[in-house]
Amino acid sequence: MTLDTPVVLTDLAIAAAILPLLSFLVTGLFAKPGKGAFLAILTIAISFILSAIVFSQTWNRLDIHQQYVWFTIGNTSFYAGILLNNLGSLMLLLVSGIALLVHIYSTAYMKGDAYLHRYWAHLSLFCFSMLSMVIADNLLLIYIFWELVGFSSYLLIGFWFTRDAAVQANKKAFIVNRIGDLGILSGLMIVFTQFGTFDLQQLLGENGLIINAFVQNGEWINGVHTMPAVWLTVAGLGFVLGAIAKSAQFPLHVWLPDAMEGPTAVSSLIHAATMVAAGIFLLARLFPLFNDTVLLVIAITGTLTALMAATIALVQNDIKKVLAYSTISQLGFMMLAIGIGQYSAAIFHLTTHAFFKCLLFLSAGAVIHEMHHVKQVAPVDFDHQDIRNMGGLRKHMPVTFIAMLVASLALIGIPLTSGYLSKDAILISSFEWAALRGSWSKIIPVTALITSWLTAFYTARLFFKVFLGKNRWRILSPEGHIHEAPPAMRYPLVILALCSTFLIFSVNPLLYEDAWLLRGFPAVESLERINIIHTVIPALVNLLAILIIYFAWQQYARRDKTIFTNRGFFYDFAFNKWYIDNLYQAAIIKRVLNLAAFVRGFDRVIVDGMVHLLAKVGQALATLSAWLDTYIVDGLVNGVGILSKSIGNFARNMQTGKLQHYLLITLFIVITFFIVTYFSLAI
Amino acid sequence: MTELVFYIFAFLVLLSALLAVTVSGLVRSIFLFFATLFSAAGLYVFALADFIAITQVIVYVGGVLVLMLFAFMLSDKDVLNTLQKMQQKVFGMQHIAALLVAVAFLVVLVTVITKTDAEIPGWMQVSPEKFVQPEDNTANLIGVQVMTRYLLPFELVSVFLMMALVGAAHIARKEPRS
Amino acid sequence: MILSVLTFLPLLSALLIVLLPTAWQQRYKYITLLTTLVQVIISIYIYLNFADNQAGVTREQGFQFVEHRSWIGLDLGSLGRLQIDYFMGLDGLSMPFMLLTSVIMFVAALSSWEITRNLKGYFALFLLLDTAVIGVFGALDFFLFYIFYELMLLPLYFLIGMWGGVRREYAAIKFFLYTLFGSVFMLLVMIGLYFSVNDPVTGNHTFNILQMMNPNNYTDGALFSQIANQQLFGIPARLLAFIILFIAFAIKVPIVPLHTWLPDAHVEAPTPVSIILAGILLKVGGYGIMRICFGIFPDAAIHSAWWLGLIGVVSILYGALNALAQTDLKRLIAYSSVSHMGFVLLGVASVTAEGASGAMMQMVSHGFLSAMLFFLVGVLYNRVHNREIANFRGLALIMPQYTVFIMIAFFASLGLPGFSAFIAEVFSLIGAFNSQSINGLLPRWMAVGGSVGILLGAAYFLWTLQRMFFGQTRLWGGEEWRTQLTDVSVREKLALVPMAALALVLGVFPSLVFDKINTSVLEFVNHVLNK
Amino acid sequence: MIPFTHFMLVGAILFCIGLYAVLTKRNAIQILIGIEFMINAAIINFVAAGQYDKDRMGGQLFALFAIVMAAAAVAVALAIILKVYQHYKTIDPDKIDQLRN
């Protein structure tokens, strides 16, 4: 038996996915408070090794598909199974790899927390869900794990459940994700109705059902069933809605910044590197399902989100919020890539982004960790995540400084980093895509271009404010000392920093097309290669980006004052996150709650009122009939009774004990007697 | 002419009796009662019973009435007050019933009387010579009869009267305060 | 035989309790618990020995554990013989409910520990109710069914009215009148059916439900004959009868707008009765709709499927919105029941294998989950005699295990994958969506509309979770409550763990249910669609 | 000579007046008066009939006896009334109903 037999590989993949579940169950059920780290790290490490084996054996080979009957309804069997293709095994490796690093990092970062066992259990549950999702072979399973990912994210965001903000955030995250789930559910229903199966390979494989289905005369036909063609679009949009929610795209991005209430390690794993990538992953999986309308929607959504998040990130002061918005922005890029048909580019960016964004968050976590210590000895309370309170950390945390530097450069897309490769892939593809279309479509690549410059600025701002300039925290906490992060936190940073360079992706640091990863996926929409774009765009992007970085350095590192004021419409607009939260609060949440209150009142007053009215009417009728019964029907019966009773009463009343009564009655009888006798005699 | 006097007396008897039972106020009703008895004594005279008429005046008017007046005039003041204050309801159910019964009784009596009118008991007509005549000395006649034929009843009545008076005195005697 | 044992065992125990002296009243609950435990064992035996390749539904041969004896065979001279049979049997549509009932009764018996007043009456009525419910699910003779159906009312009325909360009389009478209203008309239809149907073997009129399902057994020109197509009050008689029966069962389900008894009854009922109400009684409605309404009047069912689907969607959304606005935890859960049972109606109305299976699954799943939810509310209420959501905050800190259980129950109820409700709701919706393509009964928007209920479900459960359990502990009753609010006890865990486990197991291995019911569901769908 | 019937009519009316008084009065003394009226009505009849019997003088003698006994009765009755009053603080015969119940 060799490793590359399909059965063994699927078993390995299953084991990789199941092991964290084991950890979750054992830790969740039996672990003592504060324990569980060892098992969690052990299982995820084994998962990582298994994933690596699976990846090495499946990358660029035939898809491996193994399935078992799960249950049967009617004449349809539903399968549970594993599909290992390039996308699946890449994600498997990526997720388990980053998860392993985050696990290791967490041992130091979460040290001393009273509910640590819960943390490890939840983290394991997340790993299980995510790993299972990427290897699931059908839509139903993907949906299941998709929701479980959301659930574990809910648990982890609300890990510090005594903080109101955290529980608000996790509720928000789950409910917003639920909106996306509805989209996926609708998509599921449509796909199942049309094709009678959830199986990805049957649907999407070569000669798959979706590919063979076609639209004719406004009908969507697959040979067996037909449906109005609009449902094809609806199905696509449904899945897109799911992806939008999970990947925090406009207009459902609102949960992600709030989700930063969770532990930073969690933020880095879930809300930067892996879970939010699930949406991109889903779209990549289902790419053949989408028609042009849907793809355009994806592209526009992605672009809009990228721009929006970047503008908001410009003015945020919370270190994690800035990173969160930058994540949203980068996910927008990936959506854009899918929208223009380059899902390979999206996956490439997803992978690179996973590494450098994870690195950014973990570095930020290290900073927050130290700042928290500083805060603990500070005489005044201050926000230890606010970048305005940081500064000059370079000397105190050199490793973190370098890691953050690499990550920031990758985020900006400076050559020699991985981000350069993947971002260029998207930007250049988008220009090529626009070239094939009308002039209006140019808006999309241009917006993306602008966004990448905005990215450069906010990244630089963040970086300079934290690591350069004056030690502003000294003023707040004269006693505080900042040290380098502990080893368990440091080593993951180093590894991730290495992964954020071009080294592991391409031998050529400047040409994204040479990246092995990109070639692992077929180009769905072959774009005409426009050579000039391939040179002008990177040059333009980077030159301007460097200028921007220099400008930001001028503004934030060299002096304390900037030319920017915290005033004006644009500032407020960005600072208040485009007022989207406020809009939702006013337009949706309040409305829904009002509606609920109204319905409750309706239920009480009208529906229950009707019942009570009926009861009242019934009661009145009953009273009426009781009256009739008493006085008419029973009256006849009672008449006899009443008669005898009244005679009795009469007789009884005679016995009053009053002499005069007796006398009266006696006389009465005497007279009666006389009259009777008299008349009987008279006759 | 003498008949007219009889009817005046009869009218007086009935009027005063009616008033006696209708007026409010006990003392007034007692004095009307006295008037009735006095008038009735007048009627006896027309029945040729002068001795009875005298007795009526002496015993009833002189005895009973005085007894009555004395009975509560000599009593406590509050007894008097209570007796004076007694109010009568005029239109009670019982009054109407009593009135009806009384009237019906009257009708019965009058019917009976008028029926018997035609044939006065035979023994009354057997011997008109045995009727009492206006010139007879009824006191003598009564005295003879009392001492002869009705001696035992007379004695019995005497004893009875004495017993009654002694008993009355005994009953009415104030309880010794204990 | 085993079915009769299962049915009448509680009755025997009830008699035993009645006969035992009151001095032994502390042992009544153990008798009850033992009885229900035996029932669970018998049910498991039935489940394990249940052949899943036999369809049942319309043919007696397809039923299992059948007991068919003549019961009341009165000779009525020229009117023929009165033929009432003692006819019990199980198929895929009823078997899951047997198991459900047994388990729920066991749990309800465990939660009856809180009852302190008049134990003899309570446990006797409890066991009487047990018999009635099992009987309803087993009966295949309409007369027998009706007797059991009515027999359920009586103990429930007293259980709510005597051991309930402050407004228990109001709730009990409301519940009683509501249900009686439905079942009185059901009686009329039942008698009408009796006079319409002839037993092909004996030639007598019959109450046999299975023979009522066969259009050939109807007398020519009979009131409910499919061929004669008689009219009553200008409505086809069969449609009218279907509507009447539907209303009778729909009150039990309950559907909007016939649901208002449910919140009141639940709020006032003692915890075990709430558990039984939500866990089993509501399923009687769903079961009746499937077995009786759809089974006997498939043509009318097809005819009104659109409306039923609409009612289902309205119930889902209306119940969910109502739940969102409630301030009493028990009321919230009661309204969530309305919402969840809407999926049952939607699934059944779709007349697809997916929809019907989903509906069956939803009933089973909701049985466990609502029982668990009500049990959990009861746990809280027993501690502090308060259920107002606003009065609690940060319970997770002082009752961690309780919070875990309530999170399991909440998330399972809101349709988290891995729990049975997820499979149930998804397949109800898929069935509803599929209906347009397969039989054209329900429009597709209904499924999409119904799925919004899942979203609202998440909203009200999570909001409650956030308000009551998370954050810093703040209690309306202050320190006194803090000491009273102890974590779940062993007995409570004993009741909660099986239900949570069942919900989880059924979510991961839905085939445990689907395999057993699949043949029957297919037969049911084919029967209704007249294939 | 006055017809016998006229005496009887006067007696009858007087009797009925007395009867009425007995039946209606709330005051024991007035009832006593009513009784006396009735006795007197009887006496009138005795006396009227007595004029037809000179031999035995039965009517007049019995009238005499009746008068005497009526006087005795009044004496006793008054005594009782006073005694009742002392006991019950009322002389309304309706309120003296301890016989009842």
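Quick notes on this one:
- Residue count for region C:406-415 under the criterion of being crowded, with 24+ Cβ neighbours inside 10 Å and of a type outside the set (Gly, Ala, Ser): the result is 4.
- D:Ile13 vs. criteria at pLDDT 85 or above and either facing chain B (nearest Cβ under 7 Å) or in contact with a helix residue (DSSP H, G or I) (Cβ under 6 Å, 6 or more places away or on another chain) (or both): yes
- Selection of region A:458-482 for residues being surrounded by fewer than 20 Cβ atoms within 10 Å (Cβ to Cβ) and under 35 Å from the mean Cα position of the chain (by Cα) yields only A:Leu468.
- Unmet criterion (only one of (1) away from chain C (no Cβ under 14 Å); (2) modelled with pLDDT under 80; (3) farther than 30 Å from A:Ala435 by Cβ) for A:Val536: (3)
- Residue within region A:588-598 that is within 33 Å of the chain's Cα centre (by Cα), modelled with pLDDT of 80 or more and among the polar types (S, T, N, Q) present: yes
- The conditions of being more than 18 Å from C:Trp445 (Cβ to Cβ), away from chain C (no Cβ under 11 Å) and free of Cβ contacts under 8 Å to residues at least 24 places away in the same chain are met by A:Ala213.
- Hey, B:Ser24 surrounded by fewer than 24 Cβ atoms within 10 Å (Cβ to Cβ), of a type outside the set (A, V, I, L, M), within 25 Å of D:Lys25 (Cα to Cα) and within 7 Å of chain D (Cβ to nearest Cβ) or not: no
- Test: residue in region A:399-413 that is over 25 Å from A:Asn471 (Cα atoms), touching a Gly at 6+ places or on another chain (Cβ under 8 Å) and not in a helix (DSSP H, G or I): yes
- Single condition A:Gly180 does not satisfy, out of (1) facing another protein chain (nearest Cβ under 7 Å); (2) of a type in the set (Gly, Ala, Ser); (3) within 9 Å of the chain's Cα centre (by Cα): (1)
- Criterion (in contact with a helix residue (DSSP H, G or I) (Cβ under 9 Å, 6 or more places away or on another chain) and within 7 Å of another protein chain (Cβ to nearest Cβ)) met by exactly one of A:Phe161, A:Phe195: A:Phe161
- Test result for B:Met93, surrounded by 19 or more Cβ atoms within 10 Å (Cβ to Cβ) and either at pLDDT below 85 or within 16 Å of D:Asn27 (Cβ to Cβ) (or both): no
- Conditions (1) surrounded by fewer than 24 Cβ atoms within 10 Å (Cβ to Cβ); (2) within 14 Å of chain C (Cβ to nearest Cβ): number failed by A:Ser132: (1)
- Number of the exception - C:Val201 against (1) hydrophobic (A, V, I, L, M, F, W, C); (2) surrounded by fewer than 18 Cβ atoms within 10 Å (Cβ to Cβ); (3) not in a loop (DSSP other than H, G, I, E, B): (3)
- Subset of region A:144-177 (residues that are assigned to a loop (DSSP other than H, G, I, E, B) and basic (Lys, Arg)): A:Arg163
- Residues within region B:66-82 that are buried (at least 21 other Cβ atoms within 10 Å of the Cβ) and either at pLDDT 80 or above or more than 7 Å from every other protein chain (Cβ to nearest Cβ) (or both), tallied: 1
- Test for A:Ile210: is it touching a Pro at 6+ places or on another chain (Cβ under 7 Å), in a helix (DSSP H, G or I) and under 21 Å from C:Ile438 (Cα atoms): yes
- Selection of region C:424-449 for residues being touching a helix residue (DSSP H, G or I) at 6+ places or on another chain (Cβ under 6 Å), surrounded by 24 or more Cβ atoms within 10 Å (Cβ to Cβ) and at the interface with another protein chain (Cβ under 10 Å from one of its Cβ atoms) yields C:Glu425, C:Phe427, C:Leu429, C:Ile430, C:Gly431, C:Ala432, C:Phe433, C:Asn434, C:Ser435, C:Ala447.
- Remark: pairs (first residue in region D:54-74, in contact (Cβ under 8 Å) with a residue 24 or more places away in the chain; second residue of a type in the set (Ser, Thr, Tyr); Cβ separation under 6 Å; 6+ apart in sequence or on different chains) = D:Ile67/B:Thr55.
- Residue in region C:506-516 that is small (Gly, Ala, Ser), in contact with a helix residue (DSSP H, G or I) (Cβ under 7 Å, 6 or more places away or on another chain), part of a helix (DSSP H, G or I) and away from every other protein chain (no Cβ under 11 Å) present: no
- Residue match in region C:160-167 (condition: within 14 Å of chain A (Cβ to nearest Cβ) and either surrounded by fewer than 20 Cβ atoms within 10 Å (Cβ to Cβ) or in a helix (DSSP H, G or I) (or both)): yes
- Highlighted here are the helices (runs of 4 or more DSSP H) found entirely within region A:486-605 that include at least 3 residues which are more than 30 Å from A:Met397 (Cα to Cα): A:516-519, A:531-552, A:569-575, A:580-584, A:590-602.
- Condition met for C:Arg467 (more than 13 Å from chain A (Cβ to nearest Cβ), part of a helix (DSSP H, G or I), touching a helix residue (DSSP H, G or I) at 6+ places or on another chain (Cβ under 6 Å) and on the phi < 0 side of the Ramachandran plot): no
The values are calculated or read from the model by the stated rules, or taken from the named source; none is laboratory data. Quantities reported herein were computed from a predicted structural model and do not represent experimental measurements. Here the Cβ is made from the backbone with ideal geometry for all residues, glycine too, and neighbour counts use every protein chain on show.
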